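Below you'll find the structure, written out as structure tokens, and then a few comments.
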Amino acid sequence: MLTFYNEHHAQHRGRDGMALRRDAPERADMVLAALQRRGLGEIVTPHRVPLVSLERVHSPRYLHFLRSAWSEWTGLDPANAGKDALPSSWPIRTMRSDIEPDSFAGRLGLYSMDSATPLMNGTWNAVKTGADCAINAAHALRLGERGSFALTRPPGHHAGFDFFGGGCYLNNAALAAQHLLDDGLKRVAILDLDYHHGNGTQGIFYNRGEVLCVSLHADPGSDYPYFVGHADEIGDGDGHGHNLNLPLARGTDAQEWMAALETACIRLGMFAPEALVVALGVNTAAAEAGGGFGLQGADFLRIGERIAWLGLPTVFVLEGGQAGDVGINTVNVLEGFETAA
């Protein structure tokens, strides 16, 4: 398992309590330590990728905003250097989103989906290096690796074509899948195992037929992101039938969750992709505060084994997970994949 590690991830550290609960820097450190203890393979830093690679998934004006947001924010008032930038207004129903406001506050709201995803001095460097990890991990499959891992934070699957939210800024799983397509593959699948629905990933590929998106997640009726992730969302246009949501009740036990994973794997087999991207959130663990399903440590080994049985070159991209065993559970998935007969 070749791992690409984002050594700049800790430059993004929210001051807000909710932001830290979602994505504390220490969680990536725990995964790195667990990887090093088990010796699953080489850990390397990624090569930088050009901005045009990100434009294959995200809008240029959105990327420009992310890159320049901190300098604009601090330019408004030098005292802002000690504060995170957080939105307070959004273009909801009946309002326009096609015209970019001149106001920084307006643009901050235009490109966001919630008030708990802060921008700070190190955000761009952290998320850009994370995108580098994901794209390098995808490219490693084309160079012959059976499996690769993008060890990065912030996570990515809530980030859409032109918005951030849910602690996510650039959609690493989508970038990995798009790179595989740009590198010559015809059919790629994304399997999202995070506790929360990957609304950004679904939206990016919802009208496209060359990517199958499959997600196991908490029912949006009770859990974030609330407004998307239902079972009747099956894709549109060329993507009709290429989106499968498997929402589950909060507290679903391991047996029922594994049955849903089997349903997902059957659908993946029917699609017959040439490669797989796994958005790997381990906030499905029973110990996870504020959510989680009934999964224990050994269940994560089984998850990795089942994914391996698909027989596909696979990129794993780290998403959510805050519990103390986040490192153990993440590496259990990778070890299960690596050691499956």
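Observations on the structure shown:
- Trypsin sites (Lys or Arg not before Pro) lying in DSSP loop within segment 65-146, provided at most 10 other Cβ fall within 10 Å: Arg93, Arg96
- Segment 284-332 and segment 165-183: distance between their alpha carbon centers, rounded to Å: 20
- Fraction of accessible area attributable to carbon and sulfur, segment 266-341 (%, probe 1.4 Å): 55
- Heavy-atom accessible area, probed at 1.4 angstrom with all protein chains present, ranks Arg267, Arg13 as Arg13, Arg267, highest first.
- Beta bridges per DSSP, both residues in the chain: antiparallel share near 10 percent.
- Among Ala298, Phe271, Gln255 the positive-end extreme of the charge dipole of segment 232-312 (Cβ point charges): Ala298
- Net +/- balance of residues flanking Asn125 in space, Cβ distance below 14 Å, scoring K and R +1, D and E -1: +3
- For the chain, the convex hull spanned by the alpha carbon atoms encloses 125 Å³ per residue.
- The Cβ shell under 14 Å around Ala249 holds other residues with a net charge of -3, Lys and Arg each +1, Asp and Glu each -1.
- For segment 244-341: accessible area per residue (Å², 1.4 Å): 35
- Of the residues His196, His157, the one with the largest accessible area comes first in the ranking His196, His157, computed with a 1.4 Å probe on protein heavy atoms.
- In the chain, the sites counted are chymotrypsin sites (Phe, Trp or Tyr not before Pro) in DSSP loop states with at most 15 other Cβ atoms within 10 Å, and the longest stretch holding none of them, exclusive of the sites, is 1-160.
- Rounded percent of accessible protein surface that carbon and sulfur make up, segment 100-175, 1.4 Å probe: 49
- The chain, helix-only ellipticity at 222 nm - DSSP H runs n ≥ 4, -39,500 (n - 2.57), divided by all residues, nearest 500: -12000 deg cm²/dmol
- Solvent exposure of segment 1-79, expressed per residue, is 53 Å² of accessible area, with all protein chains present and a 1.4 angstrom probe.
The values are calculated or read from the model by the stated rules, or taken from the named source; none is laboratory data. Bear in mind that the values here come from a model prediction, so they are computed numbers and not experimental data. Note: ideal-geometry Cβ built from the backbone for every residue, glycine included; neighbour counts use all protein chains shown. Heads up: the accessible areas ignore ligands, DNA and RNA and are worked out on the full protein's heavy atoms, side chains in. Shrake-Rupley method; radii C 1.70, N 1.55, O 1.52, S 1.80 Å.
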